[in-house]
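Encoded as structure tokens, the structure appears first; notes follow it.
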Amino acid sequence: MPELEANDLMEKVVSLCKRRGFIYQSSEIYGGITGFWDYGPLGAELKRNVKELWWRQMVVLRDDVAGLDATIIMHPQVWKASGHVDTFNDPMVDCKVCKGRFRADQVSEIPCPRHPKMSVAQCPCEKTAPRPFNLMFKTYVGPVADEDSVAFLRPETAQAIFVQFKNVLETSRQKVPFGIAQIGKSFRNEVTPRNFTFRSREFEQMELEFFIKPDEAVEAEAGSIAEPSGSGHPGEPQRNWGWRAWLQYWVEERIRFYESIGLPRSSLVEYWQKAEELAHYARATVDILYKFPFGTQELEGIAARGDFDLSQHQQFSGKSMEVFDEETRNAFAKLDEEKRKALWQRFYENKKVDFGKRGCPEDQIEKRAREAADKLLRGTYIPHVIEPSAGVDRLVLALICNAYDEDKAPDEKGNLETRIVMRFHPRVAPIKVAVFPLLKNRPELVAKARQVRDLLRPHFAVFYDEAGAIGRRYRRQDEAGTPFGVTVDFDTLGEKGAALADTVTVRDRDTMRQERVKIGELVEWLRERLR
Ligand code: GAP
């Protein structure tokens, strides 16, 4: 495809999404509602495939991850403990002239509604000073709408995982290190939703909280902590991995996932946040960015969050979030005095810092840190966590942008015309195979094509289409990103000799090459190519 201007490409993507039924504006007949999007027939399939592939890789194919499906509305204290009530804010400015509200850190990028050639920052309108705006959607639970019944739509799925940590641990037969995964809706009242679905007010997340032992426990058990190289996949998990090796492991696992569904490595950027960018509780955060047409932006964040979240819920709920780890206890019992003291000291110092950051009263910090360090030596600790957190909608948008292509293909008369083709990886393609009778008005062709459709349907997402010229039917499937088109023609019926009877033409979306395949071998043939 000749290099399209970024704006052009985005316009084409948005238009194709609407035209072909990937994504529509929510409530479109009423003029839409900003920041909300619906997925049409093709978009719904694409999104389902993305979620299923994530779940398969993160849960089904692993021994050390269990799934969760929690509610969107939770006890309001959850959001107090997590920090969202007090700190989940964006700085907002109001324009006194147009009454617009804008994110203070984006005013230089957003066009002024009154002076479209200028950004909000440049326009002469009078603006207020920035003030914090909490992004959580508020609602009321039960029939009385008062302060006691206030609840929030969750702004992330992660907190339910922390809140249910103990239940999952007790019912899943998992032991640290292990993870809990969840896919579900999240809601943020974004001040300025933008870039199509990229920043929406209702969206879906795919989150894993992977619980690990504190480094001092690992060192007691394994003798030392593995030093990760800082780049590349560190291989199968090892018992001497501390949080740094686990972080690197999850970054690389997630990049492999994106590659496995068709995002080339060259379209992704691994960004290690600088110390001053980190959330106060995070030890490190790695963002995986995708080169969207509107800029290189975050697809997923992978954060090493220490024991912040579980500690907060332990403090606010009064329920223990500690685990008893026999291996840790035995390891400390066998250590020589000097090493045990050194690990105690290091854990104690780290805990003091953590308690300080969590707002623990000054006069209690040392006492609490000492208690925690004493407990560690007896094998009891609050697990630390590595959190790979991805957005379904952003990934779907990245896949759509990545798949969009234009090339040349012959029309009905053999003249070359521009073809729009969505080059989805077969794993995510909404429809895997389309089946066509060559002509609609020949009952023998139609009957045979329907037989082929019924043969394939139990195995793949199939679309049957008999309307219009065959070239146009191919073109529609190219725009849907269907990897293969199967045509039943007169050869299939044996009209041109026995050799071709019961064979079909299979057309490859990308090369447009056609191949004859025996119907009896078709399922296997497709299966091999759709893996
Ligand atoms: N639990 C950690 C967490 O929620 P985040 O960086 O705020 O971290 C994680 O969100 C991912 O969720 C982002 O990388 C992005 O893919 C997706 N996401 C966040 N806000 C979004 C929004 N307004 N619209 C679409 N996706 C969003």
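Enter the per residue convex hull volume of the stretch 301-371, computed from alpha-carbon coordinates, in Å³ rounded to the nearest integer.
Enclosed volume per residue, from the Cα hull, is 125 Å³.
Counting only pairs 8 or more residues apart or on different chains, how many lysine pairs in the stretch 306-357 have their Cα atoms under 25 Å apart?
Lysine pairs meeting the criterion: 9.
Where the centroid of each part is defined by its Cα atoms, how far is the stretch 456-481 from the stretch 310-372 in Å?
Using only Cα atoms to place each centre, the spacing works out to 60 Å.
Taking only Cα atoms, what is the 0 to 90° angle, nearest 10, from helix 337-357's long axis to the longest principal axis of the chain?
Approximately 70 degrees, to the nearest 10.
Give the Debye-formula value of log10 I(q)/I(0) at each listed q (0.19 Å⁻¹), with one equal scatterer per alpha carbon of the stretch 157-215, two decimals each.
The Debye formula, applied to the Cα set alone, gives -0.74.
Over 20 Å apart: what share of the alpha carbon pairs of the stretch 208-342 falls there, rounded to a whole percent? Intermediate results must be reported in sequence, preceding the final value.
On the way: 5198 of 9045 pairs.
Considering the stretch 208-342, 57 percent of its Cα-Cα pairs are separated by more than 20 Å.
Could you work out the Kirkwood radius for the stretch 71-131, taking every pair of different alpha carbons, averaging 1/r and inverting it, reported in Å?
Working: mean 1/r = 0.0752 Å⁻¹.
Kirkwood radius, the stretch 71-131: 13.3 Å.
How far apart, in nm, are the 7 Å Cα→Cβ label points at residue 270 and residue 515?
Those two pseudo-labels are separated by 3.5 nm.
Can you give the longest run of the chain that contains no GluC sites (Glu not before Pro) sitting in a DSSP loop with at most 10 other Cβ atoms inside 10 Å?
Working: sites that count: 3, 5, 126, 412.
Here the longest run is 127-411.
So what is the 222 nm mean residue ellipticity for the chain from helices alone, if each DSSP H run of at least 4 adds -39500 (n - 2.57) and you divide by all residues, rounding to the nearest 500 deg cm²/dmol?
On the way: 16 runs with 180 residues, N = 531.
Computed mean residue ellipticity for the chain: -10500 deg cm²/dmol.
Work out from phi, with θ = phi - 60° and the Karplus expression 6.51 cos²θ - 1.76 cosθ + 1.60, the ³J(HN,Hα) of each residue of the stretch 162-176, listed in order in whole Hz, and give x for Gly and Pro.
Here the 3J(HN,Hα) series is 5, 5, 9, 3, 5, 4, 5, 4, 6, 9, 10, 6, 8, 10, 4 Hz.
Would you mind working out the accessible area per residue for the chain, using a 1.4 Å probe, and quoting it in Å²? Mind dumping the intermediate values first?
Numbers: 25350 Å² over 531 residues.
Per residue, the chain has 48 Å² of solvent-accessible surface.
Just flag the trypsin sites (Lys or Arg not before Pro) in the stretch 172-228 sitting in loop per DSSP whose Cβ has no more than 10 other Cβ atoms within 10 Å. Spell out each step's value before the answer.
On the way: sites: 173, 175, 185, 188, 194, 199, 201; in loops: 173, 175, 188, 201.
Sites meeting the loop and neighbour criteria: 173.
Please go through the stretch 312-393 and write out the trypsin sites (Lys or Arg not before Pro) that DSSP classes as loop and that have at most 14 other C-beta atoms within 10 Å.
On the way: sites: 319, 329, 334, 339, 340, 341, 346, 351, 352, 357, 358, 367, 368, 370, 375, 378; in loops: 319, 358, 378.
Those that pass, being in a loop and sparsely packed, are 319, 378.
Check cross-link reach from residue 408 to the lysines: straight Cα distance under 18 Å, and skip same-chain residues fewer than eight apart.
The qualifying lysines are 12.
What Rg and what Dmax come out for the stretch 310-440 when only alpha-carbon atoms are used, in angstroms?
29.5, 87
In the calculated pair distance distribution of the stretch 52-171, what percentage of Cα-Cα distances lie above 19 Å? Mind dumping the intermediate values first?
Details: 4613 of 7140 pairs.
Pairs farther apart than 19 Å: 65 percent.
For the cross-link pairs 432/518; 291/432; 18/99, which exceed 29 Å when the distance is taken from alpha carbon to alpha carbon? Walk me through the numbers on the way to the answer.
On the way: 432/518 18 Å; 291/432 26 Å; 18/99 31 Å.
Going by Cα-Cα distance, 18/99 fall outside the 29 Å limit.
Return the ratio Rg/(2.2 N^0.38 Å) for the chain, where Rg is computed over Cα atoms only. Don't skip to the answer; put the middle values down first.
Values: Rg = 27.7 Å, N = 531, 2.2 N^0.38 = 23.9 Å.
For the chain, the normalised Cα radius of gyration is 1.16.
Net charge within 13 Å of residue 230 by Cβ-Cβ distance, Lys/Arg positive one each and Asp/Glu negative one each, not counting residue 230 itself? If you can, show how the numbers build up before the last one.
Values: positive: 244; negative: 227, 252, 270.
Residues near residue 230 contribute -2 overall.
Kirkwood Rh over Cα pairs of the stretch 431-529 into Stokes-Einstein at 25 °C, 0.890 mPa s: D in µm²/s?
Details: Rh = 13.2 Å.
So the translational diffusion coefficient is about 186 µm²/s.
Quick one: go through the stretch 226-241 and flag any residue whose amide nitrogen is under 15 Å from the point 7 Å out along the Cα-to-Cβ line of residue 334.
Only 239-240 fall inside the zone, counting backbone N under 15 Å.
The values are calculated or read from the model by the stated rules, or taken from the named source; none is laboratory data. Note that the structure is a prediction, hence the values are computed from the model and not measured. Positions of Cβ are backbone-derived with ideal geometry, glycine not excepted, and every protein chain shown enters the neighbour counts. For the accessible areas, the whole protein counts, side chains as well, though only heavy atoms, and no ligand, DNA or RNA atoms are used. Shrake-Rupley method; radii C 1.70, N 1.55, O 1.52, S 1.80 Å.
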